[in-house]
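The values are calculated or read from the model by the stated rules, or taken from the named source; none is laboratory data. These numbers were taken from a predicted model, which means no experiment stands behind them. Note that each Cβ is placed from the backbone with ideal geometry, even for glycine, and that neighbours are counted across all protein chains shown.
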Amino acid sequence: MRRMTKHPAPTAHGGPEGASLADLIQLECLSGSREAVLVTSSGRQGHLFFEGGALVDARTRELAGDDAAFEIIGWKTGTFGASDLPWPSRHTITLPWRELLQQAVPGYDQHERARSERVVAMNTTLRSSIPDAAVASSPSPAASGRRPSVPVRARQPSGTLPVMRRPPTPPPPPSSAPASLAGAVGAVKRAVRLDDSDAVIALRGDADDLAELAPALKRAIAQLGDVLGLQAFRAFECTLGGRQLMHYRDTAHSTITLEAAPGANLEAVRSASKH
Amino acid sequence: MGNGWSKFKGLFWQPAEDDDDEDDDTNGPGDSDSEVAEALSALKDLDGVVGSIAIDASGSVRASDLPRVFDTASIELIGSRMVELRSVLAKDAREPLSGSLDFEGHSFHVKSFPLGMVGVLIDDNAHKPALSMALNLVSRRVAATLETARQGGEV
């Protein structure tokens, strides 16, 4: 997969090294979120509008619709931010997002499509609907003038968008999908996803504190598990001081740490973590 | 839960004013550890419990009921790791923490109180609601024992 930024570069959004625009489009579409994203690259600006599991509009200074989408997707480096353009009055994108990516991204091949299908399946149990959603909903620290205290790969904007979103037309859930998913989604107050090197991949909600806690928690859990001779970590869950925290392995290369409302039913998250 | 239930009934912590046998004053150093060990042993009555450990606030092991595959050094290290986990999560050690680490095949449940922590290693056969209840009771008992020892100058 082509990377949005192959080499870290200082940007207004904290240097999103390695973040993929294709990933962004895929996650936004799979999460079904309604979001307007500003993509900035070498002085150029593009706006992508997502709604109901689709890319519905794209605009650059000169182009609109499919042409603008191809133009933006073709940018090799850049940053993501929240777009402040008004929501489009009509949908200008005619191609499904997968087709757009397949046509626009040479690396978006069979492997990527297979990966997408896996993400679709997992989306119904948790992922893109809660923390996985690289569809973080708090303004980026950099954008708000604060420097992130943890390495940041990619942060995504929001500001004006609903914190908890659920696809209006979600893909059919697998038979094992927990019925309490909606409750779990609503229960998550903030979340952070880390990669193996403890870089933040995505944030949800006001999760800067959580982003600082997560690496230390990850290490402490690993050390305790190690001395107990335990292998194949699944999840850590705890309550303290009225907080309900959960940390679990999300993929082979990422973990999620989240805080839920006290007493929230996280069965859906537990179920997802066991897959 | 079988025969273990009667044992757990004894783990309900009685208020101090009900403890009129004055045993507290006659406890010598180390007695509290044997009481803690006794409390831990009750956990073994639950199916799926592999072993348990109780530590004080500094991470020193007060009693352990873990299998012999865990040598003394390992058990001490487990105590240290438990404290580290708690300190990562809560700057104030008095803040009660209740948590579980879930691994394939086994999980480790911890419960903290101001003067220490109890950890229980279980396998997948354990009935978690029963374990949770038992851990609450055992932790309460251990906390009371450590508090008594502290007041007696033992801790």
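Structure values in brief
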{"read-out": "Candidates B:Gly152, B:Gly116, filtered to the one that is farther than 13 Å from B:Ile53 by Cα and small (Gly, Ala, Ser)", "value": "B:Gly152"}
{"read-out": "Candidates B:Ser64, B:Ser60 - the one that is touching a strand residue (DSSP E or B) at 6+ places or on another chain (Cβ under 7 Å) and modelled with pLDDT of 90 or more", "value": "B:Ser64"}
{"read-out": "Residue list for region A:226-259, restricted to those being of a type in the set (Val, Ile, Thr), surrounded by fewer than 22 Cβ atoms within 10 Å (Cβ to Cβ) and more than 7 Å from chain B (Cβ to nearest Cβ)", "value": "A:Thr251"}
{"read-out": "Residue match in region B:137-155 (condition: closer than 19 Å to B:Ala42 by Cα and over 13 Å from the mean Cα position of the chain (by Cα))", "value": "no"}
{"read-out": "Positions within region B:84-112 being buried (at least 21 other Cβ atoms within 10 Å of the Cβ) and more than 7 Å from chain A (Cβ to nearest Cβ), in sequence order", "value": "B:Arg86, B:Ser107, B:His109, B:Val110, B:Lys111, B:Ser112"}
{"read-out": "Matching residues in region A:76-107 - criterion: being in contact with a Gly (Cβ under 8 Å, 6 or more places away or on another chain) and free of Cβ contacts under 8 Å to residues at least 60 places away in the same chain", "value": "A:Thr92, A:Ile93, A:Thr94, A:Ala104"}
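Residues are listed down the side, and each one gets a yes or a no for (1) acidic (Asp, Glu); (2) more than 10 Å from chain A (Cβ to nearest Cβ):
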| position | (1), (2) |
| --- | --- |
| B:Glu35 | yes, yes |
| B:Ala42 | no, yes |
| B:Asp45 | yes, yes |
| B:Gly48 | no, yes |
| B:Ala54 | no, yes |
| B:Leu66 | no, no |
| B:Ala73 | no, no |
| B:Ser80 | no, no |
